[in-house]
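Take a look at the structure set out below.
Every number in this text was worked out from the coordinates using simple rules, so none of it is lab data. Only a predicted model underlies this, so the values are computations on that prediction, with no experimental measurement involved. Glycine also receives a Cβ, built like all others from the backbone with ideal geometry; neighbour counts cover every protein chain displayed.
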Amino acid sequence: MTGPATVLLGDTGVRAPRVVLGTATFGAQCDEATSRDILDRALERGMSWLDTATSYPLGSGADAVGATEELLGRWLPGRRDQVFLATKVYNRTGPAPWQLGLSRKHLLAAVDGSLARLGTDHIDLLQLHRYDRSTPIEETLAALDTLVRAGKVRYVGCCNFLAYQLARALTLGELAGLPRLRTAQLRYSLVRRGAEIEAFRLCREQRVAVLAFNLLAGGVLTGRYDRNRPPPAGSRFAVGAAGRRYTERYWTDATFATVDALSTVAARAGSTLAVLATAWGLRHPDVTAPIVGVSRVDQLDAVTDALELELPDDVWTEVDRLTAGHRHQVEDIEFESS
């Protein structure tokens, strides 16, 4: 990345890096040595906003809870002041029935666990990883208020909320004088454009920062997968239950047909599909910062190339036309309840 590119984080007044480094692969798809190399190189390039979760690495079971946070905790000493640190809570953190969800009991305990694993006294951005249908949002927001007042959390946000769920949280929080959700992580890519229908508009009006994730659709938008062969071992499509969800979501004839068409456009423009797909997220006016995940150091080059990519308007018009059919795909997440 060239230069200290930053963006305003919604209405917080905080300036944060233009690109977020996702860490879901750290400790599984890439080992600790590779993860540390990626972190070092990303920090050198100004990608100092790190996004993790209690449930990472992606696809791990309850026995590996917090493994990625622990890895980050071993890397952070001497670098904490250089990093904007974000994590997420909801998923199971232990065998007890209450160690799941967004209840006050689980939230307070989960954050203490994250702080211990990360080796820090505060989290810059705590995000609700999923909507919890079994817990009143007022209880969740009140627990977040406790964490903010205690100095353990600076700002709060959400991930995987539908537009009506975010609107409800914003409204009830305002009425009760509870912390406002400042960010929303939304799944968004050239083959998953449903966020454009309602969520982007809501975030724009409410000045909630949009953090777009899955820009490469789990790697499908790199063009490296063959639809006629099963997902390769070690890929995001082959990591437990998460891999099955990714396969159901993206491993479709419609997706691969779009990939073929976009690959032709990218080649004609002198670029690659991965760079084109990343640049799409970067240039969208409603995306505050995209979250990019890599499993090799050299994959960071695609981010740099995307930041510098300049294409004629007619190319982007063609990309929009080819992917317009994917606008109907809104989130369809079902949440575990036990």
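Values computed for the structure shown
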read-out: DSSP bridge orientation in the chain - percent antiparallel, rounded to nearest 5; value: 10
read-out: Per-residue ³J(HN,Hα) for region 130-136, Karplus 6.51 cos²θ - 1.76 cosθ + 1.60, θ = phi - 60°, Hz, x for Gly and Pro; value: 8, 7, 10, 6, 8, 10, x
read-out: Acute angle (nearest 10 degrees) that the helix 137-149 long axis makes with the longest principal axis of the chain, alpha-carbon atoms; value: 80
read-out: Region 58-193, Rg to Rh (Cα coordinates; Rh as Kirkwood inverse mean 1/r); value: 0.96
read-out: For Ile123, residues with placed amide H under 5 Å, excluding near neighbours; value: Val153, Arg154
read-out: Distance in nm between pseudo-label sites at Ala167 and Val7 (7 Å out along the Cβ direction from Cα); value: 2.3
read-out: Length added when fully stretched, Gln299-Arg224, from 0.36 nm per residue minus Cα-Cα; value: 25.7 nm
read-out: Residues Arg268, Arg193 arranged by fewest to most Cβ contacts within 10 Å; value: Arg268, Arg193
read-out: Whether region 164-304 is rounded, prolate or oblate, judged on the alpha carbon gyration tensor where a/c under 1.5 counts as rounded; value: prolate
read-out: Label-point separation in nm, Arg79 to Arg321, each point 7 Å along Cα→Cβ; value: 4.5
read-out: Whole-Å distance, taken between Cα centres, linking region 173-207 and region 92-165; value: 18
read-out: 10 Å binning of all Cα-Cα separations within the chain, expressed as whole percents from 0 upward; value: 5, 26, 37, 24, 7, 0
read-out: Inter-probe distance in nm under a simple model that places probes 7 Å from Cα toward Cβ, at His328 and Asp37; value: 4.5
read-out: Where chymotrypsin sites (Phe, Trp or Tyr not before Pro) in DSSP loops with at most 16 other Cβ within 10 Å are excluded, longest remaining stretch of the chain; value: 99-334
read-out: Rel. contact order, % - alpha carbon contacts under 8 angstrom, at least six apart, the chain; value: 19
